Structure formats: C-alpha cells, structure tokens
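Structure first, commentary second.
The values are calculated or read from the model by the stated rules, or taken from the named source; none is laboratory data. This is a predicted model, so every value here is computed, not measured. Here the Cβ positions follow ideal geometry from the backbone for every residue, glycine too, while neighbour counts run over all protein chains shown. Only protein heavy atoms, including side chains, enter the accessible area calculation; ligands, DNA and RNA are left aside. Shrake-Rupley method; radii C 1.70, N 1.55, O 1.52, S 1.80 Å.
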Amino acid sequence: MADKAYITPNVLKWARESARMTEETAAAKVSVAVEKLKEWESGTTQPTIRQAQTLAKAYKRPFALFFLPEVPRDFQPLQDFRKSGSKNLTTSSIFIIREVQQKQAWISDVYSENQEDKLAFVGRFSIKDNPQIVAKDILDTLKINPASYKTENPIKEWIDAAETNGIFVSRTSFIHSRLKLDSEELQGFAIADPRAPFIFVNSEDWNAPQLFTLVHELAHIWIAKTGISNEVEPDIKHKDKFHPVELFCNEVAANALMPEEIVLSFDSTSFQNSKHVFKAAKQLGVSSFALLVRAFKLNIISTPTYQKLKKQADIDYEEYLKREAEKKANQKDKDKPGGPNYFLLQLNRNSRLFTQTVLDAFRGGFIEPTLASNLLNVQVNKFPKLESQLLR
C-alpha cells in the first residue's frame, strides 16, 4: 500500500483556492473523484505521497508547504487597476503574477543586503504631474528617440534600454503548453520596487500593443504604482470604466511613443487612408488605432475622419490577424520537430537582466544550484544553453 502524506488539510485547500483551481480540475490532476479530494481537504482521509506531490506541482507550490501547521503568509495580491467589468483572474494569471513576485522578492532582498542604491526614477512623479513631462523623463532616462529607432523592432530597443537602467522586463504568453495567458484578462503589470522594479508584458498580442503595454507599465514605475493592467489602449469613449491611474499611464505612454512634435511633423498624406496610417504607425512601433487616437486628441484629424479611418483600420486589423494566424500555422508545421526555442522562451520569461544576475550569482558560488534552477525554471545542466541565448 502506498505511503500516505499526512498533510495539513486546510493548507491543501488554501493551495488549491489560491491557484484559482476548481475542485473538479484539481481532482482530475490526480485522477480521483471530487469527493476524494474533498475528503483530503477536510482531513477525513489523506492522499498518497505521490498524489500530494502531483497536487503541489499543479498548484505551483513546494511539496513541503502542505505539511505546515497553518496556512502560510502568501504574497499580497497586486492592486487591480483593470477596467470595471474585467474577467476574474484565472489560474494562469495567478501563476505568472506569483512567479514574477517570487523573482522580484529574491532580487530585491539581494540588492537590499548589498545596499544597492535606490533608482531615482522610481516614484519620481505622481498622477498629479503632467503626463507629457513624465513621458519626456522616461525618454531621457532610457535615452530613446521614437523618431529614430535603430531597428525595425522598437520593443526590443525599449526592453534593452529599460534593463540597462535596472528595470527587469518579463514577457511570455503561457505558463506551459496547456495553460495560456489571456490578454483580455491580463496585459501587463508592474512592481514598483525602488531597487528592483519588475515589469511583466503578456506576449500573446502582436508587438505594437505589447510595446504600448510596456511603456504604460514603465509609467507605473515612474509614479510608483504597483498593480495589474488590461486594455491599455482604451477607446476615446467609455473613459469612466478606467481607473484614473490607468488613464494617466495611457497618456504617458502615448506621449512617450508618439511625442507631439513627431506626430505634428507627419506629412498630411499620413492620415489620408488606413494604409498610410499603418505605415506611419509602423515607424513609431505603435498600432494604427493608437496613432489615430493620438492624432484625434492633437486635433490633427476631425471626428468624422477619425471614425472613418478607425473603421478602415479595424477591417485591416482583422485581415492582418488572419494573415498572422496563417503564418503561425505554416511556421508551426516547419518547426514541428522542435517547436520554438525553449531556452529563448525562458530567457524572455525570466527577463534577460534577471537571468544574467542569477547566473552570475550561481557561477560566483553565492547561491545554491537548486535555488538558481528554481528561479530560472531551467535545470542546472542546461544553464549553458540558456546562457548561449544571452549572447545573441
């Protein structure tokens, strides 16, 4: 007979609930009836050690946690700045938030112990300041000029600049192959720590919305407002549904990505039709929709022109999505044997700066192999493959 795991029932139940997992889903993970899971959570019977280990893995909790006498103190939920009526956060969102919180807590502790200087830009401004001034300070601090990106991939330039200045940037669209992140539920979040600020961007969307999310979250850092966001490119209407912090951070992002002087310098033909709008937007790394909203607010285009171009842009966007879906399907067929590079995906998910910091600590003998592996989601013997992605 298999050995029983004499876990603490209320801790087992808390672990499931904090993972936002239903009894049915959890029971299916260990191939038992829901009634059996309820027995374990009430203490009537106990799972086997193997069953408890499987649940620990499913809930993304250390196995040893189930044996604590009381429910442990967990990471505090991040403030929810999402618009009213947003979807409830599900398991995938909870897991990525917790994962980033764990990484951020570790690096923050390390920096505090080493008495690293606090970053002057964290909390330099507040929501009462002028978004244009905040945007300029972000551009000046990161040394970015939206009028002259060096590549056709502005988001990479922004991430590199942010991490050069000590801001960790994590990007992914999944927890694992069967647990994807929903961009309607969670587009990004920021942890505005004075020494180790961390930003997460959901990479489910294409690059332009991701870039807007990234800069929106940078604004959160500049006003020291930790929290989660969704739909960070709101329409001109329904502003009442958005939190004031989100509206402010959107204004900052719009001013940083599409500075007034640059948008005003566009040729008059830039807003002649949706194709020209797309071309102008691409130069700045933003969506056509974001540029149209910006142009409308700057009185470059009238309400009828905005509405007409937006309708065209929506049609173009739907066609773009179809083309992208076909491209992905074709790419999937080509990549079938191996799929996307696992180590590159983990590098982006961990943040390049965080990966380098952990690897340096590991190579220097400052942290144990198990901790390094847990922080990076990669086995120690695979570290060279992960490190090779840093050099590309």
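Evaluate the range 81-92: report whether one residue or more is in contact with a Pro (Cβ under 8 Å, 6 or more places away or on another chain) and either part of a loop (DSSP other than H, G, I, E, B) or open to solvent by 20 Å² or more (accessible area, probe 1.4 Å) (or both). First the steps, then the outcome.
Of all residues in the range 81-92, those in contact with a Pro (Cβ under 8 Å, 6 or more places away or on another chain) come to 83.
Now narrow it down to the ones that are either part of a loop (DSSP other than H, G, I, E, B) or open to solvent by 20 Å² or more (accessible area, probe 1.4 Å) (or both): 83.
Within the range 81-92, one or more residues are in contact with a Pro (Cβ under 8 Å, 6 or more places away or on another chain) and either part of a loop (DSSP other than H, G, I, E, B) or open to solvent by 20 Å² or more (accessible area, probe 1.4 Å) (or both).
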Only unsatisfied item for ASN374, checking (1) open to solvent by less than 70 Å² (accessible area, probe 1.4 Å); (2) more than 23 Å from ILE155 (Cβ to Cβ), is (1)
Note on the range 279-322: residues polar (S, T, N, Q) and out of contact with any Pro (no Cβ under 7 Å at 6 or more places or on another chain) are GLN283, SER288, ASN299, SER302, THR303, THR305, GLN307, GLN312
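Please work out if LYS308 is farther than 17 Å from PRO146 by Cβ, open to solvent by 20 Å² or more (accessible area, probe 1.4 Å) and outside any loop (DSSP other than H, G, I, E, B).
Yes, satisfied.
Considering only residues that are outside any helix (DSSP H, G or I) and in contact (Cβ under 8 Å) with a residue 60 or more places away in the chain, look in the range 1-20 and name the one that is most open to solvent (accessible area, probe 1.4 Å).
Within the range 1-20, the subset outside any helix (DSSP H, G or I) is 1-8, 19-20.
Next, only the ones that are in contact (Cβ under 8 Å) with a residue 60 or more places away in the chain stay: 5-8, 19-20.
Values: ALA5: 2, TYR6: 157, ILE7: 16, THR8: 24, ALA19: 0, ARG20: 124 Å².
Among residues in the range 1-20 that are outside any helix (DSSP H, G or I) and in contact (Cβ under 8 Å) with a residue 60 or more places away in the chain, the one most open to solvent (accessible area, probe 1.4 Å) is TYR6.
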When restricted to THR54, THR151, the only residue in contact with a helix residue (DSSP H, G or I) (Cβ under 8 Å, 6 or more places away or on another chain), open to solvent by 50 Å² or more (accessible area, probe 1.4 Å), not in a loop (DSSP other than H, G, I, E, B) and not aromatic (Phe, Trp, Tyr) is THR54
Filter the range 21-48 for residues that are under 24 Å from PRO77 (Cα atoms) and not charged (D, E, K, R); the one that is surrounded by the most Cβ atoms within 10 Å (Cβ to Cβ) is ALA26
